[in-house]
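Enquirer: Take this structure, written in C-alpha cells, and hold onto it; I'll ask about it next.
Each value in this text was obtained by applying a stated rule to the coordinates, not by laboratory testing. All of these numbers come straight from a predicted model, not from anything done at the bench. Cβ placement follows ideal geometry from the backbone for every residue including glycine, while neighbour counts extend to all protein chains displayed.
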Amino acid sequence: MTGGTSILGKDLVGLEPLSAAQIRTVLDTAEHFKDVSERRIKKLPILRGKTIVNLFFEPSTRTRVSFEFAQKRLSADTVNVAAGTSSVVKGETLVDTARNLEAMSIDMVVIRHPASGAAQFLGERISSNVINAGDGRHEHPTQGLLDLLTLRDHFRRIEGLKVCIVGDVLHSRVARSNLWGLTKLGAEVAFCGPRTLMPPRMEELGVTYFPRVEEALEWADAVNVLRLQLERMQGGYIPSLREYNRFWGITRARLEAAPRPVLVLHPGPMNRGVEIDSDVADGPQQVILKQVANGVAVRMAVLYLLAGGQPERARIVKEVVEA
Ligand code: CP
C-alpha cells in the first residue's frame, strides 16, 4: 500500500470534525471492502507489517470483534488489551499505558473508554493513530459510519432522508455520531423519547423533537432505536422499563400503524421487550445484522485510510492483490 498523509488526518475521534466529503469517502471506500468478508479466503495484505492495539476500558462485543476482524482481514498484527486484566487496575494512567505500548513499536490504537474526550486526549499525546471506539457520551464514529452505510444501501441516498433517533439520546454517543453524520450528508434528524432522556438545547442542534413515538413513526423513513443505558443512569429518568416499553417501545403494532414502511436500525446490544420488541428485532423491517456486517467494511475503510491509503486506489489495490 502507498503510505502518505491520511485524508482523515491522524486520528478518528468523531464525525463532528469531519467534512461531508470525508464521510462520503469512508463510505465509498467501505464499498470496496464489503465483499472481502464473503470470500473463502478473507484476507488482503494491505496492512501487513502494521501493529494495532485494541484498548477496551468498557465491555464490547460488536465493536471490538468487528475491529479485530477488520484488522485481521487487512493482515495487520493485533493485540487486545482489556482494562480489567491490564496494569490500569494497579493505577497506571491511560497515557502511561499507551506510551508503554508505543515503546513496543505499534502503529494504531483503537480505544473504548467511559470518559468523554478520552480518544482525543490520547491522540494528542501519542504519535500512533488513534481511533475512537466509543468515549463516554461523546461519540462512536465508526457506529455512525456503519449506520450511514446501511441507510445508504437501503435508500440509495442519505440526502433528504428523515431519520428519527428514538430513546436514550441523553447518554448516547451513537446518537451524537448519527446526528453529525446524517446532518452533514443532508438528512433531516429528529429525536423521540421521554423529555428526561433528551439533551438540552435540541433546537440549537436543528433537531425536531417528537414526545410521542406514534408521531415519530408517522414522520420517519427510518428509526434508529437506542438501547436504554441503564448503567449510565443514576435513577429517576423513567418510571419503569415496562412503562418505557408501553409509551416508547418500537412494537409491530406501532410499525403497522405508520403510513409507510419504516426501516428499523439498532446499534446493539438490544434490550428486547424494552426499547424494541422481539417481533420487530427479528422482523422484516429491520436491518440490524446488516449494520453489523457493514461494521467490518467501514472499519476496514477507516484503518486503510488512516494508514495513508488513497481512496481512489482501494479498488485497484484489491484487484491487484486478487490477480
Ligand atoms: N454497538 C456497539 O457499540 O456495540 P458493543 O458495545 O457490543 O461494541
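Enquirer: Sequence gap at least 6, Cα distance under 8 Å: using those rules, report the relative contact order of the stretch 210-293 to the nearest whole percent.
Expert: That works out to 38 percent.
Enquirer: So for the pair ALA20, ARG260, with labels modelled 7 Å out along Cα→Cβ, what separation do we get in nm?
Expert: According to this spin-label approximation, the distance is 2.1 nm.
Enquirer: Separate question: Which loop-located trypsin sites (Lys or Arg not before Pro) does the stretch 17-93 contain, where loop means any DSSP state but H, G, I, E or B and the Cβ has at most 16 other Cβ atoms within 10 Å?
Expert: The qualifying sites are ARG39, ARG40, LYS42, LYS43, ARG48.
Enquirer: Among the aspartates and glutamates, which fall within straight-line cross-link reach of LYS42, defined as a Cα-Cα distance under 16 Å, with same-chain neighbours fewer than 8 residues apart omitted?
Expert: Those aspartates and glutamates meeting the cut-off are GLU31, GLU68, ASP77, GLU319, GLU322.
Enquirer: Which of LYS162/LYS184; LYS43/LYS72; LYS50/LYS290; LYS10/LYS184 have a Cα-Cα distance over 18 Å? Don't jump to the answer; show the numbers that get you there.
Expert: Working: LYS162/LYS184 13 Å; LYS43/LYS72 7 Å; LYS50/LYS290 28 Å; LYS10/LYS184 21 Å.
Over 18 Å Cα-Cα: LYS50/LYS290; LYS10/LYS184.
Enquirer: Could you check the simple spin-label distance between ASP153 and LEU230, using points 7 Å along Cα→Cβ, in nm with one decimal?
Expert: 3.0 nm
Enquirer: With +1 on the Cβ of every Lys and Arg and -1 on the Cβ of every Asp and Glu, and nothing else charged, how large is the dipole of the stretch 196-313 about its Cα centre, in debye rounded to the nearest 20?
Expert: Rounded to the nearest 20 debye, it is 320 debye.
Enquirer: If you project the alpha carbons of the chain onto their three principal axes, what span does each projection cover, largest first, in Å?
Expert: So the extents along the principal axes, rounded to whole Å, are 54, 49, 37.
Enquirer: When you take every Cα atom in the stretch 30-114, what is the radius of gyration, and what is Dmax, the widest Cα pair distance, in Å?
Expert: According to the Cα coordinates of the stretch 30-114, Rg and Dmax are 14.3, 44 Å.
Enquirer: Give me D for the stretch 167-323 in µm² s⁻¹, whole number, from Stokes-Einstein with Rh from the Kirkwood sum over alpha-carbon pairs, 37 °C and 0.692 mPa s.
Expert: Using the Kirkwood radius from Cα pairs, D works out to 189 µm²/s.
Enquirer: Counting only DSSP beta bridges with both residues in the chain, what percent are antiparallel, rounded to the nearest 5?
Expert: In the chain, DSSP labels about 5 percent of beta bridges as antiparallel.
Enquirer: Taking amide H positions as placed in the peptide plane 1.01 Å from N, state which residues far from GLY193 in sequence (5 or more) or on other chains have amide H under 5 Å from it.
Expert: Excluding prolines and chain starts, which carry no amide H, the hits are GLY167, PHE210.
Enquirer: Using +1 on the beta carbon of Lys and Arg, -1 on that of Asp and Glu, and nothing else charged, what's the dipole of the chain about the Cα centre, debye to 20? Mind showing how you got there, number by number?
Expert: Details: 41 positive and 37 negative charges, 121 e Å.
Computed about the Cα centre, the dipole is about 580 debye.
Enquirer: Would you please name the trypsin sites (Lys or Arg not before Pro) within the stretch 136-193 that are DSSP coil residues with at most 14 other C-beta atoms within 10 Å of their C-beta? The partial results should precede the final answer.
Expert: Details: sites: ARG137, ARG152, ARG156, ARG157, LYS162, ARG173, ARG176, LYS184; in loops: ARG137, ARG156, ARG157.
Here the trypsin sites (Lys or Arg not before Pro) that fit, given the DSSP loop and packing criteria, are ARG156, ARG157.
Enquirer: Which residue fluctuates most in the GNM of the chain (Cα springs below 10 Å): ALA307, ALA82, ALA70?
Expert: Comparing ALA307, ALA82, ALA70 in the GNM, the peak value goes to ALA82.
Enquirer: Still on this structure: For the chain, what relative contact order do you get, as a whole percent, if you take Cα pairs closer than 8 Å and at least 6 residues apart?
Expert: The normalised contact order for the chain reaches 23 percent.
Enquirer: Given N residues in the stretch 132-217, what is its alpha carbon radius of gyration divided by 2.2 N^0.38 Å?
Expert: 1.03
Enquirer: How high is the relative contact order of the stretch 135-207, given as a whole-number percent (alpha carbon pairs under 8 Å, six or more residues apart)?
Expert: 36 percent
Enquirer: Moving to a separate point now. Under the Kirkwood approximation for Rh and a Cα-based Rg, what ratio Rg/Rh is obtained for the stretch 115-174?
Expert: 1.08
Enquirer: Just to confirm the filter: which chymotrypsin sites (Phe, Trp or Tyr not before Pro) across the stretch 181-254 are DSSP coil and have at most 11 other Cβ within 10 angstrom of their Cβ?
Expert: Within the stretch 181-254, no chymotrypsin sites (Phe, Trp or Tyr not before Pro) qualify (loop, at most 11 other Cβ atoms within 10 Å).
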